[in-house]
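Q: The structure follows.
The values are calculated or read from the model by the stated rules, or taken from the named source; none is laboratory data. For clarity, every value in this text was computed on a predicted model and none was experimentally measured. Cβ: placed from backbone, ideal geometry, glycine included. Neighbour counts: every protein chain shown. Just the protein is used for accessible areas: all its heavy atoms, side chains included, with ligands, DNA and RNA removed. Shrake-Rupley method; radii C 1.70, N 1.55, O 1.52, S 1.80 Å.
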Amino acid sequence: METKCICAIRKIYKAIGAFEFELNRLLGININEAMLLCMLSEKANLTAGEIAEGMCLSKSNSSKVVASLLKRGYVRRVLCKEDGRSCRFHLTPAGEELLQRVHGDQVQLPEELQELISRR
């Protein structure tokens, strides 16, 4: 692997760190919490396993993200009708409002990430 590749990855890593810092400073959430809000806005009624898989996190780490958003009222838990042992998760109105703030002009995406996203 070329040194140039590692340097490019380092720039991306730093840009993600800067973006997460701004998310936390302005909105009080981290990047995993923002990603979960985004996932639930695209598809509600997800199980804990689906959340872990969709976020590429361990079940333990995804549980921490879910618990944080539950505690602050951005996500709600509903017992699964088919299986009372499992739960499904949904955005609350407060979670929807927070997600709109994430998508608004308040949080700026670093230039390195803008370039990557525009290539999609």
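Q: Stokes-Einstein at 20 °C, 1.002 mPa s, Kirkwood radius from Cα pairs: D for the stretch 44-120 in µm² s⁻¹?
A: On the way: Rh = 14.3 Å.
The calculation lands on 150 µm²/s.
Q: A further question follows. Hey, can you grab everything whose amide H is under 5 Å from the amide H of ILE29? Only 5+ residues off in sequence or another chain; H modelled, so Pro and N-termini drop out.
A: For ILE29, the qualifying residues are ASN24.
Q: Going highest first, how would you order 65-73, 11-19 by mean Cβ packing within 10 Å? Each step should come with its number before you reach the end.
A: Details: 65-73: 16.6, 11-19: 14.3.
Sorting 65-73, 11-19 by mean packing, highest first, produces 65-73, 11-19.
Q: How high is the relative contact order of the chain, in percent, with contacts defined as C-alpha pairs under 8 Å that are six or more residues apart? Working shown, then result.
A: Working: 119 pairs, mean separation 36.8, N = 120.
Once divided by the residue count of the chain, the mean separation gives 31 percent.
Q: By how many nm would the segment from GLU82 to ALA48 lengthen if fully extended, with 0.36 nm per residue of separation less the alpha-carbon distance? Before the final figure, lay out each step's value.
A: Working: separation 34, 0.36 × 34 = 12.24 nm, distance 1.49 nm.
Computed gain between GLU82 and ALA48 is 10.7 nm.
Q: Please report the spacing between the Cα centers of the stretch 1-52 and the stretch 64-102 in Å, no decimals.
A: So the two Cα centres are separated by 18 Å.
Q: Using a 1.4 Å probe on the protein chains only, how many percent of the accessible area of the stretch 3-120 belongs to carbon and sulfur?
A: Details: 4240 of 7960 Å².
Whole-percent figure for carbon plus sulfur exposure: 53.
Q: For CYS80, enumerate residues with amide H under 5 Å from its amide H, sequence gap 5+ or separate chain, H modeled in the peptide plane.
A: SER86, CYS87, ARG88
Q: Sequence-distant or interchain residues sharing an amide H contact under 5 Å with TYR74, placed H: which?
A: Distant-sequence amide H within range of TYR74: zero hits.
Q: Let me cross-check THR3: its accessible surface, 1.4 Å probe, with only protein heavy atoms counted, in Å² to the nearest 10?
A: Accessible surface of THR3 is approximately 100 Å².
Q: Also, quick follow-up: So with the 1.4 Å probe, I'd like the accessible area per residue for the chain, rounded to whole Å².
A: Working: 8260 Å² over 120 residues.
Heavy-atom SASA per residue in the chain reads 69 Å².
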